[in-house]
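The structure under discussion appears below in the form of C-alpha cells.
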Amino acid sequence: MNAFGDLVKLRAMEPSDAESLWQWNHDSDVMRWMNEGYPQTPARVRKWLEERPRNDYGDVLFGVEVLSDAKLIGLVQLHGAKPETGIAVLDIYLGEKEYWGKGFATDAVRTACQYGFEKMRLHKITLTVVADNQAAHHVYQKVGFVEEGRLRQTFRRDGRWHDTYTMGLLEGELR
Ligand SMILES: CC(C)(COP(=O)(O)OP(=O)(O)OC[C@H]1O[C@@H](n2cnc3c(N)ncnc32)[C@H](O)[C@@H]1OP(=O)(O)O)[C@@H](O)C(=O)NCCC(=O)NCCS
C-alpha cells in the first residue's frame, strides 16, 4: 500500500526510476554527507532495481513523489527490522535539489515513520546523521528524533573526519 503525507506520496521503486537514482548518486551535493559507494552504470542501477527482492518487513524502499505532480524527488527506506526487536533504521535523501527547503523531507520522514509505527508495528526507528549535516539533523529533531549518542570521527569528507549522531524515535514520540 502506498503511504500519503500532506506533500508527498511514498510508493515502491520501479526499474524506470533507475536514471534518476543514478543521477542523484553521482551528484556530489546530494551525496555530501552520505557514503557514496563506488561508481555504477545506469544499466547496473536498473538491474539492481529489477532484481531487488520485493518490499517486506525487513526492508521497505519507498520512492518519494510530490503529491501535486507525481515527480519522483528522492527515496526513503526503513530497513533492518526484525520481529524480535521491532527496531528499523531510516535513511532518506532527496536527489532533486530544487525541491530542498520546501518541507518535502520533513513530510517524507514523518510519513515513513507513521508507516513504520502503524503498519509495521515497529517500536523504534533509529538513524545516523553526520553532525555537520544541519538540515537533516534539524528535520529529524523536528519530527521527534532525539540524539542518543555521538560517535567520534566516523565519517570522512574532504580530507576531514566528522562525528556522527545516532538518533532514535520511539512509538508515540512522532510529531
Ligand atoms: C537533508 C534533506 C533530506 C533535507 O530535505 P528538505 O526537503 O530540504 O527538508 P525540509 O525542507 O523538510 O526541512 C529542512 C529544514 O532544515 C532547515 N535547514 C536547512 N538548512 C539548514 C542548515 N544549514 N542549518 C540548520 N537548518 C537548516 C530548514 O530551515 C528547514 O527547517 P524548517 O522547516 O524548520 O524551516 C535534503 O537536503 C537531502 O536529501 N540532502 C542530501 C542527502 C542527505 O543529506 N540526506 C540525509 C542523510 S542523514
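The values are calculated or read from the model by the stated rules, or taken from the named source; none is laboratory data. Source: prediction; values computed, not measured. Neighbour counts are summed over all protein chains in view; Cβ atoms, including those assigned to glycine, are modelled from backbone coordinates with ideal geometry.
Here ARG44 does not qualify as surrounded by 13 or more Cβ atoms within 10 Å (Cβ to Cβ) and among the charged types (D, E, K, R). Considering the range 36-153, the qualifying helices (runs of 4 or more DSSP H), each wholly inside and each with 2 or more residues that are under 17 Å from the mean Cα position of the chain (by Cα), run over 104-118, 134-143. Across the range 111-131, the number of residues qualifying as more than 9 Å from the ligand (Cβ to nearest atom) and touching a residue at least 60 places away in the same chain (Cβ under 8 Å) comes to 7.
Residues in the range 36-83 that are at pLDDT below 95 and within 14 Å of the ligand (Cβ to nearest atom): GLU36, GLY37.
If you filter the range 78-88 down to residues that are surrounded by fewer than 20 Cβ atoms within 10 Å (Cβ to Cβ) and touching a residue at least 24 places away in the same chain (Cβ under 8 Å), you find that the one that is farthest from GLU14 (Cα to Cα) is THR85.
Answer yes or no as to whether TRP24 is surrounded by 16 or more Cβ atoms within 10 Å (Cβ to Cβ), in a loop (DSSP other than H, G, I, E, B) and touching a residue at least 12 places away in the same chain (Cβ under 8 Å). No, not satisfied. Within the range 89-110, can one find any residue that is more than 13 Å from the ligand (Cβ to nearest atom), of a type outside the set (A, V, I, L, M, F, W, C) and surrounded by 20 or more Cβ atoms within 10 Å (Cβ to Cβ)? The answer is no, given that none of the residues of the range 89-110 is more than 13 Å from the ligand (Cβ to nearest atom), of a type outside the set (A, V, I, L, M, F, W, C) and surrounded by 20 or more Cβ atoms within 10 Å (Cβ to Cβ). Residues in the range 132-152 that are over 18 Å from GLU173 (Cβ atoms) and either more than 9 Å from the ligand (Cβ to nearest atom) or charged (D, E, K, R) (or both): how many? Counting residues in the range 132-152 that are over 18 Å from GLU173 (Cβ atoms) and either more than 9 Å from the ligand (Cβ to nearest atom) or charged (D, E, K, R) (or both) gives 4.
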